[in-house]
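Q: What follows is a structure written as structure tokens; I'll ask about it next.
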Amino acid sequence: RKCWGVAGAGIISSNLARQEGGLTSNFNPTVPGQAVYALFAFVAIDEFQSHLHALKGDIMILINDIAAVLHEEVYRWGYEDRGQCNKNLGNAFLMVYKIGAVSEVVEKRERAEQVIFSRNGASSTIRRRRARRGSLESSSSYHSSTSQSANCFSRSKVDNIDLSSLPGIRTFTDRALLGLLKTFAGIHRDKAILNWNNDFRLSCGVGATSINLIFGMDAGWAVEGAVGSRYKIDATYLSPHVNMASRMMSATKQYGVYFLLSQAVEGLLSTNAQQTLRHVDTVTVKGSSVQQKIFTYDAKVRSDFFLYSRSESLADLDSERYSTAIWSTDQDL
């Protein structure tokens, strides 16, 4: 579980075919992926190639120092432990905040709508109608056709589900973004990373440097599954939304910012969180004719981050006591 991560462990286990006796297992490449809804965040080390050239083998130590802060904050602030690192790519990390399987999300939303809009006595009315159907076969046929219709709906509407209509999604998204913002503050007060800022090799003897991260986020669907063979297996997410998160991250260099969020993510945030963002541009992404707005959080490298350092227990308590007021009261923001 620690090797694959919580998300990866589930993906890989579904692709392992147990042998007789259950003692060994082999990779089963014929298992289909599962469509899921999630938030995706790409986080990259700024000026990585320059750091790699300067540090050579020691770059691994720097990467792991950064990963320690990033993984901790993403996991801490992810709603119900939903924040997970899916891939460590060396210069970048893919963070996934899984909302749920598409079929489950659609089913639960429809069930919630039925509860909200149902009338008193509706259940008894349905029972009386079913009693008049006359046979068990006709009733069974009715349920079968209804189930098939629901499955067809979930597949055909995967791109059209309004995630902002899901209960709790604004808290879910707020906490995902907070984990990244806390990471930004964390790398500028973590002692191990601050020591790298004074490394002679990184500064080329000119002066102190600054280790920074850049962030890109998008929200939507993806196919979750395992890719590989018996020689090598990767738990992965395939989706245009994963690609969009990567593009958001890369575009931070063009706009001179540390964070870029897609319109899809901005629409899932609480009002308090939305008010902290700035509309940067309206763009048409390659491969799409639809214009969308992109936003940034104007994070700044501050020399006083160390003043607001919290113990792990207090940081965990801050996360547990989350409310939207944090956007105007937290000293890291």
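The values are calculated or read from the model by the stated rules, or taken from the named source; none is laboratory data. Here the structure is a predicted model, which is why all the values come from computation and not from measurement. Because the Cβ atoms are built from the backbone with ideal geometry, glycine has one as well, and the counts that use them run over all protein chains shown. The accessibility values were calculated without ligands, DNA or RNA, using every heavy atom of the protein model including side chains. Shrake-Rupley method; radii C 1.70, N 1.55, O 1.52, S 1.80 Å.
Q: Using the Cα atoms of the range 230-276 to build a convex hull, what is its mean projected area in square nanometres?
A: For the Cα atoms of the range 230-276, the hull's average projected area reads 5.1 nm².
Q: Is the range 216-333 best put as rounded, prolate or oblate by its Cα gyration tensor, with a ≥ b ≥ c the root eigenvalues, rounded for a/c under 1.5, and otherwise prolate when a/b is larger than b/c, oblate when not?
A: Oblate, since a/c reaches 1.5 and b/c is not below a/b.
Q: Quick one: accessible area per residue over the range 154-307, 1.4 Å probe, rounded to a whole number of Å²?
A: Normalised by residue count, the accessible surface of the range 154-307 is 48 Å².
Q: Follow-up. Over 23 Å between Cα atoms: which of K182/K253; K98/K182; K108/K286; K232/K253; K253/K300; K87/K293 fall into that group?
A: Too far apart for the 23 Å limit: K108/K286; K232/K253; K87/K293.
Q: For the full complex of protein chains and a 1.4 angstrom probe, list Y237, Y297 by accessible area with the highest value first.
A: I get Y297, Y237, largest accessible area first.
Q: For D46, list long-range residues whose amide hydrogen, built 1.01 Å from N in the peptide plane, is under 5 Å from its own amide hydrogen.
A: N212, L213, I214
Q: Ok, one more. Around Y258, which amide H atoms from residues at least 5 apart in sequence, or from another chain, sit under 5 Å from its own amide H, with H modelled in the peptide plane?
A: Amide H to amide H, under 5 Å and 5 or more residues apart or across chains, Y258 pairs with A299.
Q: Given Cα pairs under 8 Å that are at least 6 residues apart, what percent is the relative contact order of the range 212-323?
A: Reported relative contact order: 22 percent.
Q: Short version: ³J(HN,Hα) in whole Hz for each residue of the range 209-220, in order, from phi by Karplus 6.51 cos²θ - 1.76 cosθ + 1.60 (θ = phi - 60°), x for Gly and Pro, what are they?
A: For the range 209-220, the Karplus curve yields 9, 9, 7, 10, 10, 10, 10, x, 9, 8, 9, x Hz.
Q: Let me ask something additional. Please sort by residue number the trypsin sites (Lys or Arg not before Pro) in the range 290-333 whose DSSP state is loop and whose Cβ has at most 11 other Cβ atoms within 10 Å.
A: Loop-located and lightly packed - K300, R321.
Q: How would you classify the range 187-275 from its alpha-carbon gyration tensor, with a ≥ b ≥ c the square roots of the eigenvalues: rounded for a/c under 1.5, else prolate if a/b is greater than b/c, otherwise oblate?
A: oblate
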